[in-house]
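Below you'll find the structure, written out as structure tokens, and then a few comments.
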Amino acid sequence: MPRTYRDIRQSSKLLNVRYDVRGPILEEAQRLEAAGQRIMRLNIGNPAPFGFEAPHEILKDMIANLPEAQGYSDSKGITSARRAVSQYYETEGIMDIRSDDVFIGNGVSEMISMVLQALLDDGDEVLIPAPDYPLWTGATTLSGGNAVHYRTVEEEGWIPDLDHIEARVSARTKAIVIINPNNPTGAVYNRETLEGIFEIARRYGLVVLSDEIYEKILYEDAKHIHAASIADDVLVLTFSGLSKAYRVAGYRAGWVAVSGAKHRATDFLEGLTLLANMRMCSNVPAQHVIQTALGGYQSINDLILPGGRLLDQRNVATKLLREIPGVTVQEPHGALYVFPKLDPELYPIENDESFVIELLRQQQILVSHGGAFNYPDTDHFRLVTLPSVQQLTDGIGRIADFLEDYRYR
Ligand code: PLP
């Protein structure tokens, strides 16, 4: 039976899927750029455009391996990469991640989507921090699940509220997400907090999904503790990769490593393997550099130790933002962002997306609103600390000017 040709609509699966860090604000920035304006982009944690070079041996290795990397690889990844990941965790004291427990992906992003698709039935719930890195919420929704956000306490350095987590567990809860170090808040969780989360996971039979992509970007005396090192009787999936610490976000190299109660997860892991098979493999040239990256000189330390560019930039961003009346900032202990709070008395913001669009139009500076990270209040925004001290000083100066006008409306 012929039918009339209708408008092509997106699938209803996308109805509630959001990823606003690259949403309408970015489109507005692109529109302004097309109209000839120069926009300062302080919205995405992508090191390369801010003058960060990847370690030389990674670039060399990528090029040298191109002839070897023409074909598909094993779906879970090439042996050298999986072995390097397994050995890395072994040196970190986690003994039960074998190379067979490692899946290499096109960035952590692909593994987040794949794991949630393999894990969730329609209506299953995943506990996710608020604020979060929004792919966790979006990919949960796309997989048919419901994102249930748990509170993190700003005044205590954005540490998860364990009572709130437990109060949000239901019969449908399947997993709990930890983002540590955290994007957007920069929080780095202490042992007590992690142990508290594992207590809850154990009590209710939850899988722990630990996003540790910023594990090596730590400031001053912050120490990162791998979730997988906390307990071996809970299923833990640890996500990490090369995008941030090794500055090769464009190569798309990441992984998920399975540890703990693996014997309870045979069926789930078969499902994950099926999904890995269906997409053949991840970008093979990038897989070749994983071993080099993990085994080589850890040049990220030069950037975060005293005198290092990332540490200086974090310090300047925090200091300058705190000098603006009505702005408070919890100092980030890790990652590449600051997540300041604007006093609602001085800045009565009704819609934080409109607020950042207004800032963009008036000051040609692009930041992300708190709502993009599923933060429930309208009084936060996120700024990346990747720009040079000079750029940050200019950018935060423009934010200060904008806020001054805002106060006296
Ligand atoms: N997880 C977090 C917390 C992130 O901030 C990001 C990127 O910004 C990702 C995952 C995605 O990383 P990848 O480049 O490995 O896909």
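Read-outs: derived from the displayed coordinates by stated rules, not from any lab. Note that the structure is a prediction, hence the values are computed from the model and not measured. Reconstructed Cβ throughout: ideal geometry from the backbone, glycine too, with neighbour counts over all protein chains shown.
In this rough spin-label picture, where each label sits 7 Å from Cα along the Cβ direction, the Y72-E199 distance is 4.8 nm.
Its residue count N fixes a reference of 2.2 N^0.38 Å for segment 265-322, and the Cα radius of gyration divided by that reference is 1.92. Under the criterion of Cα pairs below 8 Å and six or more residues apart, the relative contact order for the chain equals 22 percent.
Counting only DSSP beta bridges with both residues in segment 94-213, the antiparallel share comes to about 10 percent. Using the Karplus relation 6.51 cos²θ - 1.76 cosθ + 1.60 with θ = phi - 60°, the per-residue 3J(HN,Hα) values for segment 222-231 come to 5, 10, 8, 10, 5, 4, 4, 8, 7, 7 Hz, with x marking Gly and Pro.
Given a Förster radius of 60 Å and the C-beta distance between E155 and N277 as r, what FRET efficiency does 1/(1 + (r/R0)^6) yield to the nearest 0.05? Spell out each step's value before the answer.
Values: r = 47 Å, r/R0 = 0.78.
Rounded to the nearest 0.05, the efficiency is 0.80.
Take every DSSP beta bridge whose two residues both sit in the chain, then give the antiparallel share in percent to the nearest 5. Looking only at bridges with both residues in the chain, the antiparallel portion is about 50 percent.
Applying the Karplus relation 6.51 cos²θ - 1.76 cosθ + 1.60 with θ = phi - 60° to segment 281-293 yields 3J(HN,Hα) values of 5, 8, 3, 5, x, 5, 4, 5, 8, 4, 4, 4, 4 Hz, where x marks Gly and Pro.
If you count Lys pairs in segment 56-295 whose Cα atoms are under 25 Å apart, skipping same-chain pairs closer than 8 places in sequence, the total is 10. Cross-link partners for K319 among the lysines, with Cα-Cα distance under 21 Å and sequence neighbours closer than 8 places in the same chain left out: K341.
Taken as Cα centroids, segment 345-408 and segment 218-292 sit 33 Å apart, rounded to the nearest whole angstrom. Structural size metrics of the chain, computed from C-alpha coordinates, are Rg and Dmax of 21.4, 72 Å.
Averaging sequence separations of C-alpha pairs under 8 Å and six or more residues apart, then dividing by the length of segment 148-276, give the relative contact order as a whole percent.
Values: 192 pairs, mean separation 23.9, N = 129.
Rounded, it is 18 percent for segment 148-276.
Working note: Karplus 6.51/-1.76/1.60 with θ = phi - 60° gives segment 298-314 the couplings 8, 5, 4, 4, 5, 8, 10, 7, x, x, x, 4, 5, 5, 4, 5, 4 Hz, where Gly and Pro are set to x. For segment 56-295, what proportion of DSSP beta bridges, expressed in % and rounded to the nearest 5, is antiparallel? If we restrict to bridges inside segment 56-295, about 40 percent are antiparallel. Close amide H contacts of V153 (hydrogens built in the peptide plane, cut-off under 5 Å, sequence separation of 5 or more or a different chain): W158, I159, D161.
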